[in-house]
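The values are calculated or read from the model by the stated rules, or taken from the named source; none is laboratory data. Just so we're clear, the structure is a prediction, and the values are computed from it rather than from any experiment. Glycine gets a Cβ as well: all are built from the backbone with ideal geometry, and neighbour counts include every protein chain shown. Surface accessibility is based on the protein's heavy atoms, side chains included, excluding ligands, DNA and RNA. Shrake-Rupley method; radii C 1.70, N 1.55, O 1.52, S 1.80 Å.
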Amino acid sequence: MNFLIVDDEPLVLRDLEQALREAVPDCAIYPLATSGRALEQARSVRFDVAFLDIELGSSSGLVLAKELKDIQPDVPIIFVTSYAKYAVDAFRVRATGYLMKPVLQEDILRELTFIYEDSLQAKRKKVQVQTFGGFEVFVNGRPLQFKRAKAKELLACLIDRRGASLTTAEACAILWEDEAGDPAKRDYFRTIVKDLKESLQQENISSVLRKWHGRLSIDPEQLDCDSYRFLDGDPQAVNGYRHDYLPSYSWAEFAVTRFE
């Protein structure tokens, strides 16, 4: 694992480095004293976690965090500081953790466990769903193939509802808006559902889709979905959100407020 630590106080930097080595003996640590050097390093090294002081002489760890996120959007950031007053500002920049100095080995282990426990659990699930930055579904790491774009959009819509069901009329209203009442669209909808079921069956994940009494839903427990983890408070999912939830679908605009 690669850890970035930034603090302008040499003794504090040394103590944090020592605590990290005790917590994760095989890690690679990049101890730096300035924001500029930290950003330069981030352009060549992928970091698993960044530990940042908030008061960095004439600069700010809060500003550094935002700039670091521009380079590595998914990097978890843990602020290390002597001042509790910055906690609110820290979480406004989507910090993962907030530690008070002096930092001990057990403090680091607690934060790292919090960051990676949910990720390890998610990897055990067979179906991974990406809703941030575009909609994609992966089965054991392979993209799920769809015969029709509308079948893919229907699945996105069901995933958006997180287990809540849709009737045929409701689904058509979402997929075709003003044309939902067209009988031809309802006939086409049956074809879309058939295609979606076949795509899921080919990957042996047909149980993801539930169908009864003319209603459709998905089983959210079978999915590792970034937006679900965001809503559950997972730090990595929160850090990965860039105001880009299901950007290809106009109906998803109404759901964006969940993530603000």
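Would it be correct to say that Leu39 is open to solvent by 10 Å² or more (accessible area, probe 1.4 Å), in a helix (DSSP H, G or I) and of a type in the set (A, V, I, L, M)? Yes; evaluated as a whole, the condition is true for this residue.
Restricting attention to region 180-210 and to residues that are buried (at least 16 other Cβ atoms within 10 Å of the Cβ) and among the aliphatic types (A, V, I, L, M), the residue that is farthest from Gly141 (Cα to Cα) turns out to be Ala180. Here Gln18 meets each of (1) more than 20 Å from the chain's Cα centre (by Cα); (2) part of a loop (DSSP other than H, G, I, E, B) with one exception, condition (2). Somewhere in region 215-226, is a residue of a type in the set (A, V, I, L, M), buried (at least 20 other Cβ atoms within 10 Å of the Cβ) and farther than 22 Å from Gly133 by Cβ? Scanning region 215-226, I find at least one residue that is of a type in the set (A, V, I, L, M), buried (at least 20 other Cβ atoms within 10 Å of the Cβ) and farther than 22 Å from Gly133 by Cβ, so the answer is yes.
A single entry from Ala237, Ala156 fulfils the requirement of being of a type in the set (A, V, I, L, M, F, W, C), at pLDDT below 90 and either outside any loop (DSSP other than H, G, I, E, B) or out of contact with any Ser or Thr (no Cβ under 9 Å at 6 or more places or on another chain) (or both): Ala237. Looking at Asp7, Asp53, just one residue is touching a strand residue (DSSP E or B) at 6+ places or on another chain (Cβ under 8 Å), in contact (Cβ under 8 Å) with a residue 60 or more places away in the chain, surrounded by 13 or more Cβ atoms within 10 Å (Cβ to Cβ) and under 17 Å from Gly97 (Cβ atoms), and that residue is Asp7.
Meeting the requirement of 1 or more residues that are of a type outside the set (D, E, K, R) and at pLDDT 80 or above, the helices (runs of 4 or more DSSP H) wholly within region 52-148 are 61-71, 105-123. Among the residues making up region 21-33, a single one is under 28 Å from the mean Cα position of the chain (by Cα), surrounded by fewer than 18 Cβ atoms within 10 Å (Cβ to Cβ) and in a helix (DSSP H, G or I): Arg21. Beta carbons closer than 7 Å, at least 6 apart along the sequence or on distinct chains, pair a first residue in region 227-249 that is under 19 Å from Thr113 (Cβ atoms) with a second that is open to solvent by 10 Å² or more (accessible area, probe 1.4 Å) and of a type in the set (Asp, Glu) for Arg229/Asp118; Asp234/Asp118; Gln236/Asp74; Ala237/Asp226; Asn239/Asp74. Restricting attention to region 134-179, the residues being under 18 Å from the mean Cα position of the chain (by Cα) and open to solvent by less than 50 Å² (accessible area, probe 1.4 Å) number 7.
Would you say Val49 is modelled with pLDDT of 90 or more and at negative phi? So Val49 passes the test. Looking at the structure I just gave you, is Phe254 open to solvent by 40 Å² or more (accessible area, probe 1.4 Å), more than 20 Å from Thr96 (Cβ to Cβ), part of a helix (DSSP H, G or I) and aromatic (Phe, Trp, Tyr)? Judged against the criteria, Phe254 is a match.
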